[in-house]
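Report on one structure; see the data block that follows.
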Amino acid sequence: MAKRGKRTLLKISGEALAGDERFGIDPSTLSKVAAQIRIAHEASPQIGIVVGAGNIFRGAVVSRDGQGMDRVSADYAGMLATIINSLALQDALEKAGLDVCIQSALNVVEVAEPFVCRRAVAHLEAGRVVIFAGGTGSPYFTTDTAAALRAVEIGADVLLMAKNKVDGVYEANPRKEPGARRFETLSYNEALDRRLGVVDAAALALCRDCNLPIIVFDLMAPGGIVRAIRGERIGTLVADTETALAETRLSS
């Protein structure tokens, strides 16, 4: 589906860390994710990770329609929530036997290094997993965009978007329309034009401009992370693959 890359950026849905609960971090789910990453690290020893915060706080939702928090304050709260998830993931990965470093776009020196791209690359080249916390450090940007930005900055070969119970990009919301079909491959422009919503538009545009392939898949699919890294057919590949007959690339 995509060539195996030397360096990978993995974006993990915060919602997925809650497991069957609607809120918080489920220790069993966190351990399963860490075990997957441990195996994936053997296939791709340079892995960067961005974790969402949907299991704790969503700034855009809390500030929706001007009835809640100020949007800027809400977005900063969401960035802080990504740091909480990053600390939990660091602990789980270290228990799985990996060497892990957190770099944050927000200044929290007691628990994380400041984000410095050259230092992050040095950590990756030394075999450490680097978790990028704090989003982009600026409001109005999602963690999808943060993942795309960090992937481009560190020179990743592929961006893996591990979603919560979503096994790819569909022509419509499969939870609302059970007959919706899933794309096997999709171009950046098609994804943007169709406004499919699984990946943030700003993230898609950045990946398009930098020709960085994206694989969208279900985080909890058996061996999903390592399968995606190895280039096996899983989820949806979003890349520079324009075609006039997009419908022919829909899976049944």
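About its Cα centre, the dipole of the range 7-235 is roughly 300 debye, where the only charges are +1 on Lys and Arg Cβ and -1 on Asp and Glu Cβ. A cut-off under 9 angstrom between Cβ atoms defines the neighbours of Lys165, and their net charge, with Lys, Arg +1 and Asp, Glu -1, is -1. Within the chain, the whole DSSP H helices whose Cα atoms reach 30 Å or more along their own axis and whose mean Kyte-Doolittle score is at least -1.0 are 71-95.
Multiplying the residue separation of Arg118 and Leu106 by 0.36 nm and subtracting their alpha-carbon distance yields 2.6 nm.
Summing charges over neighbours of Cys207, with a neighbour being any other residue whose Cβ is under 11 Å away from its Cβ, gives -3 when K and R count +1 and D and E count -1.
Every number here is computed from the coordinates shown, using simple stated rules; none is lab data. For clarity, every value in this text was computed on a predicted model and none was experimentally measured. Cβ: placed from backbone, ideal geometry, glycine included. Neighbour counts: every protein chain shown.
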